[in-house]
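The values are calculated or read from the model by the stated rules, or taken from the named source; none is laboratory data. For clarity, every value in this text was computed on a predicted model and none was experimentally measured. Virtual Cβ from ideal backbone geometry, glycine too; neighbours counted across all protein chains shown. Ligands, DNA and RNA are excluded from the accessible area calculation, which covers all protein heavy atoms including side chains. Shrake-Rupley method; radii C 1.70, N 1.55, O 1.52, S 1.80 Å.
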Amino acid sequence: MHAIASSNKTKSPIKLKGKHAFKAQGFLDSAGLGRDVCKFRRKETVFSQGDSAKNVMYIQEGGVKLTVVHETGKEAVLSMLGPGDFLGEGGLAGQSICMATATTIAPTTVLVIEKNEMIRALREEHEFSDRFIAYMVARNIRVEEDLIDQLFNSSEKRLARTLLLLARYGAQSKHQKVLPRVSQEMLAEMIGTTRSRVNFFMNKFRKLGFIQYNGEIQVNNSLLGVVLHE
């Protein structure tokens, strides 16, 4: 880890703000969790596939790419996570090792929470537990939607949906129109197609005014029409 900014292990009730989503400030205000605030540079490894699953992490700023490497050496991108998302929650369900590698795609700040502390908070703080369960259910729905998208939708529609997800479209907070740095190769891995196909559709989206694409990608709401179009 690049840097550890602070830690706190005293006991007091968790304070959560807002009705529908986790807030990073809820963790910062809380002394009920043993936690460290860690900062990473772009392209740093947060944890690796096979590492001991001993912490739960919450992304405050930046973004993380989750990848898995098959025994044949082939790598697959599982998902891209951003502010408000959790990492390493599989350890709460009995996973002893990390099943994927987490790599930052931008300068990133995460809260690292000890697994036992997270379990204690889930048992003792009912509001916190309710919100975490709601988050995990929503995350599971997204995974199912990703699978359906991969099985049944065209590569053009999969790319549009991926860009909207990366832009945090539909989140409680205003979605970020400027995406973190993400290469066409990475997008191709995420949607299961070739870089040339991604390049073709990115140019098409740009000509239609759905995105602006000059080094960084800006996503317009009109891109949603590609996903909804039958």
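Scanning region 74-95 for residues that are charged (D, E, K, R), under 17 Å from GLN49 (Cβ atoms) and under 14 Å from the mean Cα position of the chain (by Cα) gives a single hit, GLU89.
Scanning region 180-230 for residues that are out of contact with any helix residue (DSSP H, G or I) (no Cβ under 7 Å at 6 or more places or on another chain) and at positive phi gives a single hit, GLY215. Here region 177-204 is the region considered, the condition is being of a type in the set (Gly, Ala, Ser) and within 17 Å of LYS65 (Cβ to Cβ), and the residue that is least open to solvent (accessible area, probe 1.4 Å) is ALA188.
Kindly establish whether VAL198 is modelled with pLDDT under 90 and among the hydrophobic types (A, V, I, L, M, F, W, C). Here the answer is no, as VAL198 does not meet what is asked.
Okay, residues lined up against (1) within 23 Å of ARG168 (Cα to Cα); (2) loosely packed, with under 15 Cβ neighbours inside 10 Å; (3) at pLDDT 90 or above; (4) not small (Gly, Ala, Ser):
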| site | (1), (2), (3), (4) |
| --- | --- |
| LEU87 | yes, no, yes, yes |
| LEU92 | no, no, yes, yes |
| CYS98 | no, no, yes, yes |
| ALA102 | yes, no, yes, no |
| ALA106 | yes, no, no, no |
| VAL110 | yes, no, yes, yes |
| ASN116 | no, yes, no, yes |
| LEU122 | no, no, no, yes |
| GLU125 | no, no, no, yes |
